[in-house]
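The values are calculated or read from the model by the stated rules, or taken from the named source; none is laboratory data. This is a predicted model, so every value here is computed, not measured. Counting neighbours? That spans all protein chains shown, and the Cβs are built from the backbone with ideal geometry, glycine included. Note: accessible area is taken over every heavy atom of the protein model, side chains too, but ligands, DNA and RNA are not part of it. Shrake-Rupley method; radii C 1.70, N 1.55, O 1.52, S 1.80 Å.
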Amino acid sequence: MVEVSKRIKQLPPYLFAEIDRLKEEVIAKGMDVIDLGVGDPDIPTPNEIVKAAKKALEKPENHRYPSYVGMYEFRKAVADWYKRRFGVELDPNTEVVSLIGSKEGIAHLPLAYIDSGDYALVPDPGYPVYPVAVMFAGGEVYKMSLLEENGFLPDLDAIDRDILRKTKLMFIGYPNNPTSAVAEKDFYKKVIELAKEFDFIVASDNAYSEICYDNYKPISFLEVEGAKDVGIEFHSLSKTFNMTGWRIGFAVGNKDVIAALGKVKTNIDSGIFQAVQEAGIYALNNAETLNKNIRDVFQTRRDQMAEALQKAGLEFKKPLATFYFWVKVPEGFTSAEFTKKLLQEKGIVVTPGNGFGDAGEGYFRISITNPRIEEAVERIKSAVV
Ligand code: MLT
């Protein structure tokens, strides 16, 4: 048999695929498993969105190849929503591209900018797709540690200047997966200054902006002056509207970067099924009402989870956004040891912090995309004492 490429050989198993495998092993032994692993909402997509898709499914014109960049009406709905939600003006013709989920766009962007030997800055811990995409493009990864003492923001002054001179791309993502930290304008201003000084592109991943609590409203990177000169923002309908299975997202911002990403995509994929885009148009045009209902569910769960974890004596910061709790593992355990114990002895799936990078060691991530919150925390508590 032909050997797989070096790039595939050096890949670890995809974090959530590996967790699924371990989970199946425990289920096969007859254990009742509560899955707080992947950030995949258990609540169905709002019925009105499903109805819009059903209607769109009947239209023969939607059965043909979709447009590469996305239907104009979809890109317009994106631009209108960015204006209403963030006050950011976007030209639907040049500053918006549709994506088959933001993961797809994130994975393809480095192909547009990274040549062999170029560097990309990626957060550690971070979404596993960032470093893998850079590696696939033949680039070098520089990990920016996200430390608790810095509010899980990268220390921009600590990045080696020699590396910055070779940097073409920086990934950042707030509200953050996995730490749930949030970022404000001051941080983005510094990012933009650095990007201008060293001439690199900023890719902001804002997939969790609508999953927020206590009236806190996460901002967009593009709200900050100069952002559009240096970068783009990824967004997704997955988390915003409980649509992970539909595979629909988009990138917005600098027109040259959007065009370069679009060029990669025209050579690789053929766009999003138009019936799904029509559902996306409905969702974005009705975002305010739909989001409120979704947020209310997660707000209740966030409160329940915070209270229960506190009672269990675990150390964490109450998230202002995202589905995620970033919790310290109890003393005497590594991330892998503790999460393995939770799964094998208690039937609880959580994600080991080191799965998101070395700087995640000592933590585990809980996703509240499961209604069995109190029961889950009782089991976690019994593993701690
Ligand atoms: C996660 O659990 O980190 C996310 O759901 C993964 C993803 O969005 O692809």
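Backbone phi angles across the stretch 126-134, fed through the Karplus curve with coefficients 6.51, -1.76 and 1.60 (θ = phi - 60°), yield HN-Hα couplings of x, 4, x, 5, 4, x, 5, 5, 5 Hz in residue order; Gly and Pro are listed as x.
For residue 231, the residues 5 or more places off, or on other chains, whose built amide H falls under 5 Å of its own are 202, 254. If the chain linking residue 328 and residue 147 were pulled fully straight, counting 0.36 nm for each residue of separation and taking away their Cα-Cα distance, it would gain 63.9 nm. Computed with a 1.4 Å probe over protein heavy atoms only, the accessible area of residue 334 comes to about 50 Å².
Is the shape of the stretch 242-325 best called rounded, prolate or oblate, per the rule: a/c under 1.5 gives rounded, else a/b larger than b/c gives prolate, else oblate, with a ≥ b ≥ c the square roots of the Cα gyration tensor eigenvalues? If you can, show how the numbers build up before the last one.
Numbers: a/c = 3.06, a/b = 2.01, b/c = 1.52.
Prolate.
Just subtract the alpha-carbon distance of residue 59 and residue 292 from 0.36 nm times their residue separation and send over the number in nm, one decimal. Don't skip to the end; give the middle numbers.
Working: separation 233, 0.36 × 233 = 83.88 nm, distance 3.05 nm.
Residue separation times 0.36 nm, minus the Cα-Cα distance, leaves 80.8 nm.
On the basis of the beta-carbon distance and an R0 of 41 Å, residue 304 and residue 160 show a calculated FRET efficiency of 0.40.
Straight Cα distances below 30 angstrom link residue 340 to the lysines 6, 9, 23, 29, 103, 143, 239, 311, 317, 318, 328, 381, with same-chain residues fewer than 8 positions distant left out. Contact order for the stretch 205-284, expressed relative to its length and based on alpha carbon pairs under 8 Å spaced 6+ residues apart, stands at 25 percent. Entry comment: accessible area of the chain is 44 Å² per residue, from protein heavy atoms only and a probe of 1.4 Å. Under the combined filter of DSSP loop state and at most 13 neighbouring Cβ atoms within 10 Å, the stretch 72-123 retains none of its trypsin sites (Lys or Arg not before Pro). The calculated P(r) of the stretch 48-288, using every Cα pair and 10 Å bins from 0, goes 8, 34, 37, 18, 4, 0 in percent. When the solvent-accessible area of the chain is split by element, carbon and sulfur atoms take up 51 percent of it, the probe being 1.4 Å. Of all DSSP-defined beta bridges confined to the chain, some 50% are antiparallel rather than parallel.
For residue 167, the amide hydrogen comes within under 5 Å of the amide hydrogens of 119, counting only partners 5 or more places away or on other chains and with H modelled in the peptide plane.
Counting heavy atoms of the protein chains alone, residue 311 has an accessible area of about 140 Å² for a 1.4 Å probe.
In what order, largest first, do 81, 246 sit by accessible area if the probe radius is 1.4 Å? Write down the numbers at each step before the final one.
Values: 81 5, 246 65 Å².
Heavy-atom accessible area, descending, gives 246, 81.
Across the stretch 99-115, computed HN-Hα scalar couplings (Karplus, 6.51 cos²θ - 1.76 cosθ + 1.60, θ = phi - 60°) run 10, 7, x, 5, 4, 4, x, 4, 5, 8, 4, x, 4, 7, 10, 9, 9 Hz from first to last residue, x flagging Gly and Pro. Estimated from helical segments only, the mean residue ellipticity of the chain at 222 nm is -13000 deg cm²/dmol, where each DSSP H run of four or more residues counts as -39500 (n - 2.57). Under the definition of Cα pairs under 8 Å and six or more residues apart, what whole-number percent is the relative contact order of the stretch 48-288? The normalised contact order for the stretch 48-288 reaches 30 percent.
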